[in-house]
Amino acid sequence: GPEMCLIDRVGQTVPDFPLNIGYTSEFLDIAQATQLHKNAKDALQISRLLYGENSHCDYKKLGFYKILCLVRERGELENYIPTSIKALLAYQNASGLPLIETLPSYFENNSNAQRTAKALFINYKTLQ
């Protein structure tokens, strides 16, 4: 697309100049400008994180990553971690046991501790 042509042309002209492009829809009404500018900046940020230097990203194609753009600070993201998972992490850090490794089985068993314990071949009380 035209964005890659631009990246290639800048790269040929100024080889040591990294260029990332974030873009979104064109706006038809000036009232959309602020939101679409924010969307393009978010696409730019995700482009840098996912693809590194000399990359481009279309906000419309971000999919799930749009959610990450809504979270500006790590503290905000941590607000979405359930209390039970926070407790598990704290206990894991204190004990040194790899407790987080039990989570895939726990979720596969629809968060049922008894079925998870059976699947992991451990006592139900151990899992609690």
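Put simply, of LEU97, LEU103, LEU89 the only residue that is hydrophobic (A, V, I, L, M, F, W, C) and in a loop (DSSP other than H, G, I, E, B) is LEU97.
In this structure, is ASP58 at pLDDT 85 or above and surrounded by 15 or more Cβ atoms within 10 Å (Cβ to Cβ)?
no
Restricted to segment 45-55, and to residues there that are free of Cβ contacts under 8 Å to residues at least 40 places away in the same chain and open to solvent by less than 100 Å² (accessible area, probe 1.4 Å), the residue that is farthest from the chain's Cα centre (by Cα) is GLY52.
What's the number of the only condition in (1) modelled with pLDDT under 80; (2) hydroxyl-bearing (Ser, Thr, Tyr); (3) over 20 Å from the mean Cα position of the chain (by Cα); (4) not in a helix (DSSP H, G or I) that SER84 fails to meet? Here SER84 meets the rest and fails (4).
Take the residues of segment 89-128 that are open to solvent by less than 50 Å² (accessible area, probe 1.4 Å) and at pLDDT below 80: which is nearest to the chain's Cα centre (by Cα)? Among residues in segment 89-128 that are open to solvent by less than 50 Å² (accessible area, probe 1.4 Å) and at pLDDT below 80, the one nearest to the chain's Cα centre (by Cα) is LEU99. Taking the condition open to solvent by 60 Å² or more (accessible area, probe 1.4 Å), modelled with pLDDT of 75 or more and of a type outside the set (Phe, Trp, Tyr), does LEU28 pass? Yes; evaluated as a whole, the condition is true for this residue. Take the conditions (1) of a type in the set (Asp, Glu); (2) part of a helix (DSSP H, G or I); (3) open to solvent by 50 Å² or more (accessible area, probe 1.4 Å); ASP42 misses just one of them, which is (3).
Cβ separations smaller than 7 Å between residues 6+ apart or across chains give the following pairs from segment 5-20 residues that are modelled with pLDDT of 70 or more to residues that are open to solvent by 90 Å² or more (accessible area, probe 1.4 Å): PRO18/GLU53; ASN20/ARG48; ASN20/GLU53.
The values are calculated or read from the model by the stated rules, or taken from the named source; none is laboratory data. The model shown is predicted, which means the values in this text are computed figures rather than measured ones. Virtual Cβ from ideal backbone geometry, glycine too; neighbours counted across all protein chains shown. These area figures cover heavy atoms from the full protein model, side chains too; ligands, DNA and RNA do not enter into them. Shrake-Rupley method; radii C 1.70, N 1.55, O 1.52, S 1.80 Å.
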